[in-house]
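In what follows, a single structure is set out as structure tokens and then discussed.
The values are calculated or read from the model by the stated rules, or taken from the named source; none is laboratory data. Note that the structure is a prediction, hence the values are computed from the model and not measured. When we count neighbours, we look across all protein chains shown, and the Cβ atoms used for this are built from the backbone with ideal geometry, even at glycine. Note: accessible area is taken over every heavy atom of the protein model, side chains too, but ligands, DNA and RNA are not part of it. Shrake-Rupley method; radii C 1.70, N 1.55, O 1.52, S 1.80 Å.
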4 protein chains.
Amino acid sequence: MGGNSFGDLFKVTTFGESHGPGLGCVVDGCPAGLNLSLDEIKRELARRRPGGGFSSSRNEGDDPEILSGVYEGKTLGSPIAILIRNRDSQPGDYDNLKDVYRPGHADWPWEAKYGFRDHRGGGRSSARETVGRVAAGAIAKKFLASQKIEIRAWTSEAAGFCAPGESDAAFDWNEIENNPLRMPERTIAEKAMKKIEDLKALGDSAGCVISCIARNVPPGLGEPVFDKLDARMAAAMFSIGAVKAMEFGDGFAAAKGTGSELNDAMSSPGVWKTNHSGGVIGGLSTGAALRFTVAFKPVPSISKPQETINRRGEKTELIIRGRHDICVAPRAVPVVEAMCALVLADFVLLQRAAKS
Amino acid sequence: MGGNSFGDLFKVTTFGESHGPGLGCVVDGCPAGLNLSLDEIKRELARRRPGGGFSSSRNEGDDPEILSGVYEGKTLGSPIAILIRNRDSQPGDYDNLKDVYRPGHADWPWEAKYGFRDHRGGGRSSARETVGRVAAGAIAKKFLASQKIEIRAWTSEAAGFCAPGESDAAFDWNEIENNPLRMPERTIAEKAMKKIEDLKALGDSAGCVISCIARNVPPGLGEPVFDKLDARMAAAMFSIGAVKAMEFGDGFAAAKGTGSELNDAMSSPGVWKTNHSGGVIGGLSTGAALRFTVAFKPVPSISKPQETINRRGEKTELIIRGRHDICVAPRAVPVVEAMCALVLADFVLLQRAAKS
Amino acid sequence: MGGNSFGDLFKVTTFGESHGPGLGCVVDGCPAGLNLSLDEIKRELARRRPGGGFSSSRNEGDDPEILSGVYEGKTLGSPIAILIRNRDSQPGDYDNLKDVYRPGHADWPWEAKYGFRDHRGGGRSSARETVGRVAAGAIAKKFLASQKIEIRAWTSEAAGFCAPGESDAAFDWNEIENNPLRMPERTIAEKAMKKIEDLKALGDSAGCVISCIARNVPPGLGEPVFDKLDARMAAAMFSIGAVKAMEFGDGFAAAKGTGSELNDAMSSPGVWKTNHSGGVIGGLSTGAALRFTVAFKPVPSISKPQETINRRGEKTELIIRGRHDICVAPRAVPVVEAMCALVLADFVLLQRAAKS
Amino acid sequence: MGGNSFGDLFKVTTFGESHGPGLGCVVDGCPAGLNLSLDEIKRELARRRPGGGFSSSRNEGDDPEILSGVYEGKTLGSPIAILIRNRDSQPGDYDNLKDVYRPGHADWPWEAKYGFRDHRGGGRSSARETVGRVAAGAIAKKFLASQKIEIRAWTSEAAGFCAPGESDAAFDWNEIENNPLRMPERTIAEKAMKKIEDLKALGDSAGCVISCIARNVPPGLGEPVFDKLDARMAAAMFSIGAVKAMEFGDGFAAAKGTGSELNDAMSSPGVWKTNHSGGVIGGLSTGAALRFTVAFKPVPSISKPQETINRRGEKTELIIRGRHDICVAPRAVPVVEAMCALVLADFVLLQRAAKS
């Protein structure tokens, strides 16, 4: 409880506030004997760092330290603790937010729950919290790679501009990590970037949609009732701040189709003729590619003046300074991958207990 | 693990196969001293029973028995076990499915996971499994009622026909339980029913979308990181078979908006000027109405001939007999409410531990 | 929470009050494909039933019904629910206990916790609660047998009479199930039985010590920090009502020895020269026999008059009628075995996730 | 799982190896708004540090850093992470242990489980692991103090010398923290210390027994079936390395008594005439003092030559150098208190969910 842990067998606990001494994670249950280097964690953290002009200008090196659980380059089976210190913290930026409830933020609900809050950069509610997830996800990805499972996410929509689908000829896997928005087609990416720059100039922000695929997921992952693969994956995705919607496979469109149109069938064992379901049926992976899509609302921290109230209940105009993303799209990609990896790693281990 | 339990403090475990001796639930953690009658459970189960011509013709009385945890009409604090026996089971209907993998079903993934399966009516993967959820949800609803929290769901789309939204004048709360599809507007309901009858005649099936609102949810419910209120609610909803998509508040549309358009702000403490977020921000309830929407794919069991393979890997044509829903819409409504109630009951109890 | 579940991967939930409609268990996480018959469960329940003159005269057939999770004689991987109805319930026996706090019982703490209680035979706090544990333990034993792990418990002390130790020539494995106290030596058993009969005549009761051995436990079971094999086993044993003490291996005597006397060493891999540790070091099984001992206090329900207070705080004299054991020794044996089996089954499954 | 977390609502996760970069804990679920200073954590860690001549000469400052969860001297409700760096690590001391299985240690079971190990000072299995528990326990103690609950432990036996019981006139609460063994009577403490010095000279080690009392525990703490207060406390205690036995109240002596002798009764509500049960009946606290006793085996690391085998299965003579305690007695006292505090803090929070 407390809600800072995720997973049953491959379990991660994260900690840290945006402007406290540091953030990090403890991964408990990673199997022993896995080769793991600090560089693999650094690489994922680097993907999460602010990049283009529409990301936060906070410049954190995000230099992780492995505190435990790895010895001579291999996981020990004991908990792997990773610490990322906050270095470019400017808590003074937030003094004007101390007594004001920011629109679109959890400030007031947090106070209703806990009685008071750390107002500096959102405290524990900051998107900076995901740094611990990405570090943990890097370990999960490494474990999954040893099982041949591969995860890839990208920005499929940003500021209202939609990228082509994977079946579209314009979709380019190699383009994804080559443009600042992590979109799979450059022209659209440029249009979206232009729109985001415009919103920035207006002191406003944008939303986005992230798509994710996991390949080589063995069939049968997931538990058939409450801990369905999609249920757990949904919990993982909605646990990322700002996520407001999710679809597996055909998603909402499936509600409009008929059984004869949408039923996935096999042509031979493990070979599916279609994948409307997005790789999961009855809560179990089918062996087809796991496919889902996640929608993020626009970043709520905007510099445009907003009307709100303060702790005394008085109306007040708020201008948020600090350093904020305009659109989380590029940085959300490694976070979605990390959470996907944590879910799959857990189920891969759990699968070992299914048969007598 | 095994995945047949849900919740931390208000915890339900369900059991039972579609054509075994019976199904049921054990609710552990329901506070002591709550007035609870068998009729309250029966009433919810009756709402879940097959109704109109497009529901399964299986006619189960769904007569629950409380085996434990209630004494002299009050909950004891000990586990409440409820048993619903299968009486109108016709397992012989399923003999032709024993060696065939039904399209759109988890037959093959189940075998991949467990080595063999109970093919009779889907076994544990049957929608009949939800009978235990609804019984447990009835208890959760009773507890929530004692906290003034009220939950209502309805069919907002069926077979492609969309009902008006709540802000629309045509939306009628009283209509919901008055038509077989549980839609809030009769004309649309009749069109959708006609379409579903047509699909039935063709041996096909339809999907639907269920909407849900919870009112009087106190602010601050949920845990701010992994166990966000929306994360747990998403896990609850995607744990219902056939769910493929979910939205909170503005959902996917939020990805297209800007911060200045979508940021919810308060006009006085606890009074929100807008509710784009659907009553949850940063994983915590805001005190505004909790609003979400869930999409169900079409029922995969259709009588239309389908091509698939059998256990020997041979191609075969399948005609599913048995008794099946054409559209789950009306019966999914109490299931969505039940799962919503389980999530909220858990968080109401958890909330008591938040402050020192 | 609520505390009616035990185990992580092989998880049991029990339910039921002493004089309610019935008791039982739900086992979630038992691997699929295990052969399981009703007779195997009946056999263990029969061992738990009242036997000799010093056991309760309540005569329950303890006729279990498997409600789910088993199909054609094999476990499905879905939850196995078992129901045992209360048939020989005589709740009227307990009318005089309704407003009185029985000495040595949890009546008053229960009311302090929950506000009211089911006074009939102790309600959920009754030793009858163990019927669900024994049913679940029968399944765990069956699973462990498939792994060659064998568990045996016996009464090593009753009413102050101590049986010989296993290394003693007088210890007879075959004698255990042949005398009503389940002691491994007949002469001592007869003396103890005589003593217990005398106590019964006086309206008093006796305590006992149960010893348990598990053989062929593979090395490395357990988790090295909080979920040590001995920690989990201790939780299992102290979760049995009336248990007041426990020792592994040399137990309290170990506190008086020296390292050079008590350090267990191997002569070849997996072959231990001594077993002072009782088969567990650093929380992990060593591969030597797992050995522990559990002490039960005397049965608190005695017919001898006792001074206590009632709900109005008035002093009162209490004479407990009802039907009660004088000494739990013989019936505690299968309960200890059942809980030991549940712990080991859980760790056997967990072990599968230890290595990469 | 992985087993490095403890507790449900007040949950601690520990991490760290004896000779890795550092150790620590993450406490998730500590209620918000609790005053907490670094000094309170330092004070408990100082009590755990090596002291007299019979403790390890490893001289760690054990200087904790609070990484998160505390803001302006108050707990935030978010996870509290604490890091203690290893500074006086001399891993070279352990080179000769790399390929040898130390008697009385978990070296071989660890390898059987995980495939390889960190041999330096026992790695994760080191008693140094308890530093994270004591830091977490300091927070739990602070929370319990706010509830008026007080915990005190002491050495009641060391190297075979037994201290007087609390009811004995010679028992002196003030003496406990005044002698290096934390015994409540100086003459016995001096005899025990002399004995321990003698064992040290012989290259040998000693065991001990720690007693613990918690006062002002409200009645009804604990859950009546598997999560009994004593069951959870036993799990907590047996999770401490080297613990081999435990008693509540009269413990093993209870097995020899009769119901009429041992049944605790009240003279008025909450006032118990006797406390044979040690403050817990039926798994629930009675409101009387919670009393238990825990036995530790002798420290297995001894400098006396021992016969064992190496990784190639060859017999070898082992002389353990490194820096080791001769008797854990004084240092085990704060560890027992810490674990007791973690259990009680968890149940205090859980209690809030018991009534409707």
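For the subset of region D:71-89 comprising residues that are within 8 Å of chain A (Cβ to nearest Cβ) and assigned to a strand (DSSP E or B), which member is nearest to A:Gly22 (Cα to Cα)?
The qualifying residue nearest to A:Gly22 (Cα to Cα) is D:Ala81.
Give the number of residues within region D:270-313 that are aliphatic (A, V, I, L, M), in contact (Cβ under 8 Å) with a residue 24 or more places away in the chain and closer than 20 Å to D:Gly222 by Cβ.
Number satisfying all stated conditions: 6.
Among (1) at positive phi; (2) more than 10 Å from chain A (Cβ to nearest Cβ); (3) surrounded by fewer than 24 Cβ atoms within 10 Å (Cβ to Cβ), where does B:Arg182 come up short?
So the condition that B:Arg182 fails would be (3).
Considering only residues that are open to solvent by less than 20 Å² (accessible area, probe 1.4 Å), within 14 Å of chain A (Cβ to nearest Cβ) and charged (D, E, K, R), which ones fall in region C:335-356?
C:Asp346, the sole residue that qualifies.
Out of the residues in region C:289-334 that are among the hydroxyl-bearing types (Ser, Thr, Tyr) and in contact with a Ser or Thr (Cβ under 7 Å, 6 or more places away or on another chain), state the one that is least open to solvent (accessible area, probe 1.4 Å).
My answer is C:Thr308.
Yes or no, residue by residue, for (1) farther than 28 Å from C:Ala192 by Cα; (2) in contact with a strand residue (DSSP E or B) (Cβ under 6 Å, 6 or more places away or on another chain); (3) at the interface with chain C (Cβ under 8 Å from one of its Cβ atoms):
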residue	(1), (2), (3)
D:Asp250	no, no, yes
D:Ala265	no, yes, yes
D:Thr274	no, no, no
D:Gly287	yes, no, yes
D:Ala295	yes, yes, yes
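How many of the residues in region A:314-344 are out of contact with any Cys (no Cβ under 8 Å at 6 or more places or on another chain), small (Gly, Ala, Ser) and at pLDDT 95 or above?
2
Can you pull out the residues in region C:205-218 that are under 14 Å from C:Phe347 (Cβ atoms) and surrounded by 24 or more Cβ atoms within 10 Å (Cβ to Cβ)?
C:Ala214, C:Val217
Any idea which of (1) open to solvent by 60 Å² or more (accessible area, probe 1.4 Å); (2) in contact with a Lys or Arg (Cβ under 6 Å, 6 or more places away or on another chain) is the one B:Glu197 doesn't satisfy?
(2)
For region B:224-247, give me the residue count where each residue is at the interface with chain A (Cβ under 8 Å from one of its Cβ atoms) and either within 18 Å of B:Leu144 (Cβ to Cβ) or not small (Gly, Ala, Ser) (or both).
15
Have a look at B:Ile139, B:Ile151 and point out the one that is outside any loop (DSSP other than H, G, I, E, B) and open to solvent by less than 10 Å² (accessible area, probe 1.4 Å).
B:Ile139
Scan region A:20-47 residue by residue and report those that are touching a Pro at 6+ places or on another chain (Cβ under 7 Å), more than 7 Å from every other protein chain (Cβ to nearest Cβ) and either within 30 Å of D:Leu350 (Cα to Cα) or open to solvent by less than 10 Å² (accessible area, probe 1.4 Å) (or both).
Hits for region A:20-47 are A:Val27, A:Ile41, A:Leu45.
Considering only residues that are at pLDDT 95 or above, assigned to a loop (DSSP other than H, G, I, E, B) and open to solvent by less than 30 Å² (accessible area, probe 1.4 Å), which ones fall in region A:93-118?
Hits for region A:93-118 are A:Tyr101, A:Arg102, A:Pro103, A:Gly104, A:Ala106.
When you go through (1) modelled with pLDDT of 95 or more; (2) within 10 Å of chain D (Cβ to nearest Cβ); (3) crowded, with 18+ Cβ neighbours inside 10 Å one by one for C:Ser125, which number turns out not to apply?
All conditions are met except number (1).
For A:Ala253, state whether it is buried (at least 24 other Cβ atoms within 10 Å of the Cβ) and not charged (D, E, K, R).
no
Considering (1) more than 14 Å from chain A (Cβ to nearest Cβ); (2) basic (Lys, Arg); (3) more than 18 Å from the chain's Cα centre (by Cα), say which one B:Lys113 fails and leave the rest.
Just one mismatch for B:Lys113, condition (1).
Filter region D:124-180 for residues that are aromatic (Phe, Trp, Tyr) and within 14 Å of the chain's Cα centre (by Cα) and give the result.
Selection gives D:Trp154 alone.
Could you go through region B:115-123 and let me know if any residue there is farther than 30 Å from B:Gly33 by Cβ, free of Cβ contacts under 8 Å to residues at least 40 places away in the same chain and out of contact with any helix residue (DSSP H, G or I) (no Cβ under 8 Å at 6 or more places or on another chain).
Within region B:115-123, one or more residues are farther than 30 Å from B:Gly33 by Cβ, free of Cβ contacts under 8 Å to residues at least 40 places away in the same chain and out of contact with any helix residue (DSSP H, G or I) (no Cβ under 8 Å at 6 or more places or on another chain).
Have a look at C:Gly279, C:Gly259 and point out the one that is facing chain D (nearest Cβ under 7 Å) and small (Gly, Ala, Ser).
Every option except C:Gly259 fails the conditions.
Please find, among B:Leu202, B:Leu221, the residue that is among the hydrophobic types (A, V, I, L, M, F, W, C), open to solvent by 50 Å² or more (accessible area, probe 1.4 Å) and more than 7 Å from chain A (Cβ to nearest Cβ).
Only one candidate qualifies: B:Leu202.
Pick out the one residue from B:Gly92, B:Gly73, B:Gly61 that is touching an Asp or Glu at 6+ places or on another chain (Cβ under 9 Å) and among the small types (Gly, Ala, Ser).
Just one listed residue meets the conditions, B:Gly61.
Would you be able to say whether some residue in region A:278-298 is polar (S, T, N, Q) and closer than 30 Å to A:Asp118 by Cα?
no
Kindly provide the set of residues from region D:202-246 that are without any contact (Cβ under 8 Å) to a residue 40 or more places away in the chain and part of a loop (DSSP other than H, G, I, E, B), ordered by number.
Across region D:202-246, the qualifying residue is only D:Phe226.
Consider only pairs whose beta carbons are under 8 Å apart and that are at least six residues apart or on different chains; among these, list those whose first residue lies in region A:1-18 and is more than 7 Å from every other protein chain (Cβ to nearest Cβ) and whose second residue is hydroxyl-bearing (Ser, Thr, Tyr) and not in a strand (DSSP E or B).
A:Ser18/A:Ser89; A:Ser18/A:Ser126
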